[in-house]
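First comes the structure, then the notes that go with it.
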Amino acid sequence: MERNNWKRIVIKCGSALIAPEKNGCSSHYLLSIAHFILRCREKGIEVVLVSSGSVAAGAHLFAEQERTLPIKKAMAAAGQTEMIATWDKLFDFATAQILLTHADLRDRERYVSVRTTIDKLVESGILPIVNENDTITTDKLKVGDNDNLSAMVAAACDADALIICSDVDGLYDKNPHKHDDAKLLDSITHIDQSIYDMAGGAVSDVGTGGMKTKIQAAEKAVSHGIDTFIINGFTELSFNQLLAGNNPGTHFKPHAAPMNEHQHWMTHTSNAQGELVVDDDFDSALTEEGEELTGASIIEVNGQFNVGDTVLVRKDDGTKLAKAKSNYSSCLLNFIAEQPDKKFADDFQDTTGPILSVKNIAILEKQ
Ligand code: GLU
């Protein structure tokens, strides 16, 4: 591991660390994290903090027992200030609050603007503290958990490492709370279904994440070339080991040939607004670099989308091939797909330009 080369890291802390009693915030577990952040900054490593805890921090202010969505949103609004204040008092440098939804990250312009703001803050010695804007999210707008959010933020701000704090030492081959013989996995080079199976459905009872969302986050981050760790955030030892250059938990190794920035955003952050169902010719054209991609083989267009939206390209049998930026709206593509003479699509593209441009296509692993 070449940890000495890290220029920028993202560290993600969950609600259980910030509001362990589910009754307002406590700095009990945050002191060692704050110390770690300070030591990183002293070494010249820029730090971005992703912190949960707004709902857990605000819960004690409400009489209602039942946590309906409007109550949780109100708890988040009230608890966010307490959460930020709890972190802020641990540092003698300024902190800044960044509240995001998935709608911000999947919009390319806003995504780039998040990066510009983070760059400016860290350059000015300010610690950005990011959380999902739970007060305004809806099912359609939200990321839903801060593990995935932290990976999107790490990619957006081009971090070298993502450190995800957990309540266990890392990823085990089975649930360590239930099995005494569970073994900690030291290092993972490839994330596949067998890795997800080890995580089971483990969910924290304070936040919304669990081991599954941590692995999803690791998958997003390593494909951007980001060193990712799941560590025990409740013990100072983890942070001392990281500072000493050792791996205190599970290390997910970054891909040797990471996706380019735009393809990563398209694959892991943007949401497909519709689908293009294509035939086998299109499939082989996709895998032959430089091949002209024509609309002649588009069988079906699903959903409504605009020029510039991300679409999922799949085969008739459901196999997902790619995510791509559509150069045309669904309305126009439906018209093209419906023409009986397939030559129409070729002629159309010869004069007006291709439906998908090769540089805006992210090939997906076949599944
Ligand atoms: N954004 C949520 C909060 O601040 C937490 C999400 C999570 O636990 O992952 O309470």
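Values quoted throughout were computed directly from the atomic coordinates according to the rules given, and no laboratory measurement underlies them. Everything numeric in this text was worked out from a predicted model, so none of it was measured. Cβ: placed from backbone, ideal geometry, glycine included. Neighbour counts: every protein chain shown.
Which residue pairs have Cβ atoms under 9 Å apart, sit 6 or more places apart or on different chains, and have a first residue in segment 50-78 that is without any contact (Cβ under 8 Å) to a residue 12 or more places away in the chain and a second that is away from the ligand (no atom under 12 Å from the Cβ) and β-branched (Val, Ile, Thr)?
Glu64/Ile71; Leu69/Thr138
Yes/no matrix, rows are residues, columns are (1) within 16 Å of Phe252 (Cβ to Cβ); (2) β-branched (Val, Ile, Thr):
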{"residue": "Val114", "(1), (2)": "no, yes"}
{"residue": "Ile118", "(1), (2)": "no, yes"}
{"residue": "Glu132", "(1), (2)": "no, no"}
{"residue": "Leu141", "(1), (2)": "no, no"}
{"residue": "Ser150", "(1), (2)": "yes, no"}
{"residue": "Asp158", "(1), (2)": "no, no"}
{"residue": "Ala161", "(1), (2)": "yes, no"}
{"residue": "Pro176", "(1), (2)": "no, no"}
{"residue": "Asp181", "(1), (2)": "no, no"}
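Tell me the residue from Thr116, Thr137 that is within 12 Å of the ligand (Cβ to nearest atom) and either of a type in the set (Phe, Trp, Tyr) or farther than 18 Å from Cys13 by Cβ (or both), please.
It is Thr137.
Quick check on my filter: what residues within segment 128-186 are at positive phi and either more than 16 Å from the chain's Cα centre (by Cα) or aliphatic (A, V, I, L, M) (or both)?
Once the filter is applied, which keeps residues that are at positive phi and either more than 16 Å from the chain's Cα centre (by Cα) or aliphatic (A, V, I, L, M) (or both), segment 128-186 yields only Gly170.
If I ask for residues that are under 29 Å from Lys140 (Cα atoms) and either in contact with a Gly (Cβ under 9 Å, 6 or more places away or on another chain) or of a type in the set (Asp, Glu) (or both), which ones from segment 82-126 would you list?
Glu82, Met83, His102, Asp104, Asp107, Arg108, Glu109, Asp119
Across segment 259-272, what is the number of residues that are in a loop (DSSP other than H, G, I, E, B), under 22 Å from Gly318 (Cα atoms) and out of contact with any helix residue (DSSP H, G or I) (no Cβ under 8 Å at 6 or more places or on another chain)?
Result for segment 259-272: 1.
Here are the criteria: (1) more than 21 Å from Cys40 (Cα to Cα); (2) within 16 Å of the ligand (Cβ to nearest atom); (3) assigned to a loop (DSSP other than H, G, I, E, B). Tell me which single one Ala256 does not satisfy.
It is condition (2) that Ala256 fails.
With within 15 Å of the ligand (Cβ to nearest atom) and not in a loop (DSSP other than H, G, I, E, B) as the only criterion, which of Ala96, Ala56 stands out?
Result of the check over Ala96, Ala56: Ala56.
Can you tell me which residue within segment 227-246, out of those that are touching a helix residue (DSSP H, G or I) at 6+ places or on another chain (Cβ under 8 Å) and among the hydrophobic types (A, V, I, L, M, F, W, C), is surrounded by the fewest Cβ atoms within 10 Å (Cβ to Cβ)?
Leu243
Please list, ordered by first then second residue, the pairs with beta carbon atoms under 8 Å, 6 or more apart or interchain, first in segment 16-41 and touching a residue at least 40 places away in the same chain (Cβ under 8 Å), second polar (S, T, N, Q) and in a helix (DSSP H, G or I).
Ile18/Thr86; Cys25/Thr86; Ser26/Thr86; Ser27/Thr86; Leu30/Thr86
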